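Everything on this sheet refers to the single structure shown next.
The values are calculated or read from the model by the stated rules, or taken from the named source; none is laboratory data. Predicted, not measured: the structure shown is a model, and the values here were computed from it. Here the Cβ positions follow ideal geometry from the backbone for every residue, glycine too, while neighbour counts run over all protein chains shown. Accessible surface is based on the protein model in full, side chains and every heavy atom, while ligands, DNA and RNA are left aside. Shrake-Rupley method; radii C 1.70, N 1.55, O 1.52, S 1.80 Å.
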Amino acid sequence: MAEQTGSTNPQGRRPTRADVAARAQVAPSTVTLVLSGRGTKLRIPVTTQDRVREAAYQIGYYPNKLIRAVQSGRTGVIGIYLRWEQWSRPYGYFTTLVWALQTSVSATDYQLLFHNARRGVSTEEVFARQAGGLVDGVLILNSANDDIVPRLIEAKLPALEVGDPFSQLPFVGVDGEEGVALAMRHLSERGYRHPAYAGYPSSFAEDQAARFESFQKQRSLLFAPSQGRRMAQGGSGVEILAPLQAMNPRPDCVVCASDEMAYELWGECRRNGIRVPEDLAIVGFDALRGLSPYPVTTSVHTPLLEMSKLAVEKLVAIINGDPFEHGTILKPSLRVGDTT
């Protein structure tokens, strides 16, 4: 590509669409069509499109995004709404999912605008920030029961759920039930006999309930009969160990709702002289990278990059008025690590 010279413009003046048109020897309207990405659809010759882009590059011309936003009614911005508990940790599932979404959005012409909701913030305040004209669409994460969902639907603001396959919104999620089944089959094959499930207390419970139902089903099919629900709940893996130890019979393996919980439980076991996996095998969820370089937990692998890519593509389709599938559910796999 030729060197950027700016020679067609008087010094100090910002180059205009007319300057590009004069340099490329086309009409100004052709410049608009090509640089807005509509050239191919309107059958403008490829050689003409290349000439326009080359001329724009040479004189340093870039379309005014503010003017385009006013003309089109779009901002080129996608909002991402995070509840307090989703942004307040510097590591874990939501931090990794946000990274994956940023990676996916970087491949589009859109930018992300984050709204990090404060603890206890009202739905109306959150909604006002999302629907106030700053964004063309909204991504929400694992929030099917959040009060923001019916408000987004009511306002007809393009919105998409990432991660939770039980949302009224269009969604891209992962089959958590199959993930638990993979973990339970693996534990059975390794010879463990007394499984338990460890989860978080949460009002966003449909996915966790489905996972626990899968746990109960696989437990009845694959393991020795035992009494009780065999579920321990707590805000962290540190809080989980005591209720696990109180179960009768005491678990020799546990499926955790997240990798954060699995790693925290693993550390608590070490502090209490409980050997992993000899005394207690631990399976996490999501197979996150970066929590520990080595060793790693056995974990259900959630394809976060694929999920994010499909989510961004679907939201862009909704914004553009293109056809889309309401629900997309991806299959997990199992990463076998050092804790089983």
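Residue 326 contributes an accessible area of around 90 Å² to the protein surface, as traced by a 1.4 Å probe with all chains present. Each other residue within a Cβ distance under 15 Å of residue 189 adds +1 if Lys or Arg and -1 if Asp or Glu, for a net charge of +3.
Were the residues from residue 289 through residue 114 laid out at 0.36 nm apart, the gain over their Cα-Cα distance would be 60.7 nm. In order along segment 239-244, the Karplus-derived 3J(HN,Hα) couplings, from 6.51 cos²θ - 1.76 cosθ + 1.60 at θ = phi - 60°, round to 6, 7, 4, 4, x, 5 Hz, and Gly and Pro are given as x. Beta bridges per DSSP, both residues in the chain: antiparallel share near 10 percent. Provide the FRET efficiency to the nearest 0.05 for the residue 217-residue 40 pair, computing r from the beta carbons and using R0 = 41 Å. After rounding to 0.05, the efficiency reads 0.20.
Summing charges over all other residues whose Cβ lies under 13 Å from the Cβ of residue 91, with Lys and Arg as +1 and Asp and Glu as -1, gives -2. Count Lys and Arg as plus one, Asp and Glu as minus one, and take only other residues whose Cβ is under 13 Å from that of residue 153; the net charge is then -2.
Phi-derived couplings, Karplus 6.51 cos²θ - 1.76 cosθ + 1.60 at θ = phi - 60°, listed residue by residue for segment 214-221: 5, 4, 4, 5, 5, 4, 6, 7 Hz, with x used for Gly and Pro. In this structure, the amide hydrogen of residue 339, modeled 1.01 Å from its nitrogen in the peptide plane, lies closer than 5 angstrom to those of 298, counting only residues at least 5 positions away or on a different chain. Packing, as the average of other Cβ atoms within 10 Å across residues, places the peptides 295-306, 102-113 in the order 295-306, 102-113, highest first. Relative protection proxy for 23-30, 332-339, from highest mean packing down: 332-339, 23-30 (other beta-carbon atoms within 10 angstrom). Accessible surface calculations at 1.4 Å, restricted to protein heavy atoms, place the chain at 50 Å² per residue. Computed from backbone phi, the HN-Hα couplings of segment 272-281 come to 9, x, 9, 7, 10, x, 4, 8, 8, 7 Hz, rounded to whole numbers (Karplus: 6.51 cos²θ - 1.76 cosθ + 1.60, θ = phi - 60°; Gly and Pro given as x). When peptides 146-152, 273-279 are sorted by average Cβ neighbour count within 10 Å, with the highest value leading, the order is 146-152, 273-279. If you line up the long axis of helix 176-189 against the longest principal axis of the chain, both from Cα atoms, how many degrees apart are they, to the nearest 10? Approximately 40 degrees, to the nearest ten.
Shown for the chain: the carbon plus sulfur share of the solvent-accessible area, taken with all protein chains present and a 1.4 angstrom probe, equals 53%. Annotation: amide H-H contacts under 5 Å for residue 281 (H modelled 1.01 Å from N, sequence separation of 5 or more, or interchain): 253, 254.
Seen through its C-alpha gyration tensor, with square-root eigenvalues sorted a ≥ b ≥ c, the chain comes out prolate because a/c lies at 1.5 or above while a/b is bigger than b/c.
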